[in-house]
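The values are calculated or read from the model by the stated rules, or taken from the named source; none is laboratory data. Nothing here was measured: the structure is a model prediction, and the numbers come from that model. Quick reminder, even Gly has a Cβ in these numbers, built from the backbone with ideal geometry, and neighbours come from all protein chains shown.
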Amino acid sequence: MRFFRKYAKRFLQRKAGLPLLNCTATTIHKRESRHGVTIITCMINPRLFEQYNIDTKKDLKIKNLCPRPKDTILIDKQGSCYACECTSWLPQSIGNLQIKSLGEIIGSDMHQHLQDSITDGTYRYCNEHQCSYLKSGAVLHGQPDRIQHLRLAIDDSCNLRCPSCRKGMIFHKEGSAYNLGIRLADRINEWLYNHRHPIQVHIGSDGDPFASHVYRHFMEQTPERDNIKYSILTNGLMFKEFHGKVPYVINNLQELGVSIDGASKETYEKLRLGGRWDKIIEGLECMAKQKQKNGFRFILHFVVQKDNYHEMEKIIDMGEQYGADRVWLNKIEDWGTMDDFRTQDIFKTPDYQHQLDCVMKRIQQRNDRFIECPTLISEAVRHKDKN
């Protein structure tokens with residue numbers, strides 16, 4: 001049994017991206033400096049950071065203190081926990097939910113070590129190539145004293161197969177991936193049941209919450225607590241059918257985001273493979289009514305790419321039509337799912353520049369934050385500086 005536990009732990013650490021040492025795979029060492037100050041030396045996985053092209057010796061000298069490593073925990077489908085809202089932005093795991101409880105992982109030495117890389121201003125473990133805050137030069141500032149956001153990425157099941165996100169259909173309703181997702185959901189709900197401070201649970205950063213059987217299980221079993229609020233990111237196609245089955249979550253919903261990369265039938269069905277235009281319109285109408293009833297923030301997300309950049313203004317119109325609080329226009333990222341991502345590089349073409357100018361005029365006319373496009377603006381600034 002001891003032999004089995006030792007190698008089971010080593011297997012899970014590989015999954016979590018943790019280094020393996022010769023003995024018991026301890027990831028933290030402590031030593032006393034000559035001045036009597038305790039220094040924590042973490043066994044950071046160098047290959048992981050090389051994969052993301054992150055220089056862990058850098059010093060970005062940033063004065064703002066990003067709150068994410070102190071207020072956010074993201075849990076992926078292997079149970080690995082991260083102190084950021086995106087695993088590729090700060091890719092070192094701080095622990096694995098299959099091995100330890102959330103209570104043991106939060107505030108652990110590894111967790112504190114990553115937090116220290118923010119407070120010293122170096123941001124040495126952060127991915128400045130992908131982090132939206134670093135790329136746009138708009139790093140948030142704040143040092144909260146407890147976790148306020150729990151982001152769930154424990155199941156990548158989805159009813160769509162969008163080329164910008166995945167290479168094919170991914171759907172788990174049985175087997176090892178499904179069973180692990182259910183176990184993770186139960187462990188998270190167990191922690192939430194005993195958690196007394198205000199917290200927001202974000203559901204759906206990897207798969208669709210209403211298509212996923214794992215997320216449906218989580219939402220059906222989540223504890224009824226006044227301190228727990230929710231946010232959901234969905235493709236919207238199954239919202240009308242399933243939102244009534246999780247009334248507690250909907251009644252305590254703070255934010256509903258909808259990923260919709262087309263503002264016409266032709267574009268939508270080309271990019272959202274498996275989706276139907278009439279179905280998403282039906283979903284948007286239902287969401288607009290639920291927003292009026294429950295008062296949550298309603299946001300449309302639009303990934304700008306080669307086949308839809310000409311519809312940026314149209315998606316803004318749709319946001320206004322369905323009573324959205326905000327429309328996010330985000331530059332497409334390379335997640336390794338496209339055969340030739342270079343074909344998406346339309347951001348220097350005159351036609352795209354014209355379309356972006358029209359969006360900027362809309363922003364000036366509204367004089368509010370209804371339209372958000374920081375990654376598009378930062379890309380345009382970089383292009384202008386080069387010229």
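Things worth noting here:
- When residues of region 83-120 are limited to those that are of a type in the set (A, V, I, L, M) and touching a helix residue (DSSP H, G or I) at 6+ places or on another chain (Cβ under 6 Å), the one nearest to R68 (Cα to Cα): A83
- Residue check, I299 β-branched (V, I, T), surrounded by 17 or more Cβ atoms within 10 Å (Cβ to Cβ) and in a helix (DSSP H, G or I): no
- Matching option when the condition is charged (D, E, K, R) and in contact with a helix residue (DSSP H, G or I) (Cβ under 9 Å, 6 or more places away or on another chain), among R146, R166: R146
- Flag if Q321 is surrounded by 15 or more Cβ atoms within 10 Å (Cβ to Cβ), over 24 Å from the mean Cα position of the chain (by Cα), of a type in the set (S, T, N, Q) and at pLDDT 95 or above: no
- Qualifying residue in region 354-362 (condition: surrounded by 14 or more Cβ atoms within 10 Å (Cβ to Cβ), farther than 18 Å from L134 by Cα and not aliphatic (A, V, I, L, M)): yes
- Candidate set: region 228-239, residues that are out of contact with any Asp or Glu (no Cβ under 6 Å at 6 or more places or on another chain) and either free of Cβ contacts under 8 Å to residues at least 40 places away in the same chain or within 16 Å of V201 (Cβ to Cβ) (or both); chosen: the one surrounded by the fewest Cβ atoms within 10 Å (Cβ to Cβ): K229
- Residues being of a type outside the set (D, E, K, R) and either under 26 Å from H197 (Cβ atoms) or crowded, with 22+ Cβ neighbours inside 10 Å (or both) - total across region 43-87: 18
- One residue from W335, W328 being modelled with pLDDT under 90 and under 30 Å from Q254 (Cα atoms): W335
- Residues located in region 196-236, provided they are in contact with a Gly (Cβ under 6 Å, 6 or more places away or on another chain) and either more than 18 Å from G79 (Cβ to Cβ) or part of a strand (DSSP E or B) (or both): I232, L233, T234, G236
- Some residue of region 123-130 being within 30 Å of G274 (Cβ to Cβ), out of contact with any Leu (no Cβ under 8 Å at 6 or more places or on another chain), not charged (D, E, K, R) and not in a strand (DSSP E or B): yes
- Some residue of region 124-138 being modelled with pLDDT of 95 or more, surrounded by 16 or more Cβ atoms within 10 Å (Cβ to Cβ), of a type in the set (S, T, Y) and more than 30 Å from P209 (Cβ to Cβ): no
- Subset of region 240-266 that is charged (D, E, K, R) and closer than 29 Å to E313 by Cβ - its residue that is surrounded by the most Cβ atoms within 10 Å (Cβ to Cβ): D261
- Restricted to region 22-108, the set of strands (runs of 3 or more DSSP E) holding at least 2 residues that are at pLDDT 95 or above comprises 72-76, 80-82.
- Boolean, R146 is surrounded by fewer than 20 Cβ atoms within 10 Å (Cβ to Cβ), more than 28 Å from I332 (Cα to Cα), within 20 Å of the chain's Cα centre (by Cα) and in contact (Cβ under 8 Å) with a residue 60 or more places away in the chain: yes
- The C-beta contact set for region 362-375 (first residue in contact (Cβ under 8 Å) with a residue 40 or more places away in the chain and under 18 Å from V304 (Cα atoms), second residue part of a loop (DSSP other than H, G, I, E, B) and not aliphatic (A, V, I, L, M), distance under 8 angstrom, 6+ apart or interchain) comprises F370/D325.
- When residues of region 88-110 are limited to those that are among the polar types (S, T, N, Q) and within 22 Å of L192 (Cα to Cα), the one surrounded by the fewest Cβ atoms within 10 Å (Cβ to Cβ): S101
Yes/no matrix, rows are residues, columns are (1) under 19 Å from S157 (Cβ atoms); (2) hydroxyl-bearing (S, T, Y); (3) under 21 Å from the mean Cα position of the chain (by Cα):
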site	(1), (2), (3)
G236	yes, no, yes
H243	yes, no, no
D278	no, no, no
L284	no, no, no
D317	no, no, no
